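Worksheet: one structure, shown below.
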Amino acid sequence: MNLKNSIRTISDWPKPGIMFRDITSLLQNPEAFKQCCDELYERYKDVKIDAIAGIESRGFIFGSVLAYKLGVSFVLIRKPGKLPGEIEREEYDLEYGSDAIEIHKDAIKKGDKVLVVDDLIATGGTVCAAVNLVRKLGGEVIECAFIIDLPDLKGKDKLDCPVFTMIEFEGN
């Protein structure tokens, strides 16, 4: 199955000129979702990983399945105000303004080998912040994994760690 064909494109969403790559159509296709998860598992099954950090919210889907299959812990990286315990926070720039993400301070131990997972990399702001959070807690980011890459936005160029992507879509 061609996974790229299972991803719906919605024009002009959330604003004019954007071609939104919607993974909900992949998730609704059991064969495509299974293939996607199986390919991630095959890539990482022999890699030393202590934890998978999933970025809210779609990184939770793929990251938690992979953590289950690998038998490792799953760590939530969330938008501000969503985690009840003591948190570490990282701010990052947006096109207009800034945002932040948070992680529980006890989610990663010093020296943990961490795989960061999200559904899509575009400009790279959120994932760069996630990598910084993992490192603040003493973890080592072994790789960042994404289902979709939008290479024209050059998000991968901002990362100083290995990056794996499954599908590329040219354009915005």
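Summary table
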read-out	value
Residues with amide H under 5 Å from that of Ser73, placed H, sequence gap 5 or more	Ile52
Note, ³J(HN,Hα) from phi for region 50-61, Karplus 6.51, -1.76, 1.60, rounded to Hz, x at Gly and Pro	9, 8, 10, 9, x, 8, 4, 10, 6, x, 5, 5
Cut-off 16 Å, label 7 Å out along Cα→Cβ of Ser25, residues of region 139-155 by amide N	148-149
Loop GluC sites (Glu not before Pro), region 138-172 (other Cβ atoms within 10 Å of the site Cβ: 15 or fewer; DSSP)	Glu170
Between region 1-23 and region 37-67, the Cα center-to-center distance that results, in Å	23
Fraction of antiparallel bridges per DSSP, the chain only, in percent to nearest 5	35
Size of electric dipole in region 47-168: Cβ of Lys, Arg +1 and of Asp, Glu -1, about Cα centre, debye, nearest 20	460
Shape box of the chain [Cα atoms, principal axes, largest first, Å]	41, 39, 29
Volume of the Cα convex hull of region 1-85, divided per residue and given in Å³	123
Added length on full extension, which subtracts the Cα-Cα distance from 0.36 nm per residue, Cys161 to Asn2	54.5 nm
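The numbers here are math on the coordinates, done by the rules we state, and not lab data. None of the values given here were measured: they were computed from a predicted structure. Glycine also receives a Cβ, built like all others from the backbone with ideal geometry; neighbour counts cover every protein chain displayed.
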